[in-house]
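One structure, pasted below without further comment.
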Amino acid sequence: MNLVRSYRNWRRYRDTVNELNRLSNRELTDLGISRSDIPFVAKKAI
């Protein structure tokens, strides 16, 4: 069960990072996020 949960969390993290990376700098600024914050924000999404 932990393996499945870990995989799902990893996928959610990766999908969030990919989604945020697709945004422009302007869009990220509007959200209050800088490019260097993306991994931290994605980790909180788990």
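Any read-out appearing in this document is the output of simple, stated calculations on the displayed coordinates, not a laboratory observation. Model, not experiment: these values are computed from the prediction. Methodologically, a virtual Cβ is constructed for each residue, glycine included, from the backbone with ideal geometry; neighbour enumeration extends over all protein chains shown.
So is ILE38 surrounded by 12 or more Cβ atoms within 10 Å (Cβ to Cβ) and in a loop (DSSP other than H, G, I, E, B) or not?
no
Moving to a separate point now. Could you give every pair whose Cβ atoms fall below 9 Å, whose first residue belongs to the range 5-34 and is free of Cβ contacts under 8 Å to residues at least 12 places away in the same chain and surrounded by 12 or more Cβ atoms within 10 Å (Cβ to Cβ), and whose second residue is in a helix (DSSP H, G or I) and of a type in the set (Lys, Arg), counting only separations of at least 6 or pairs across chains?
Within 9 Å, the pairs are LEU28/ARG35.
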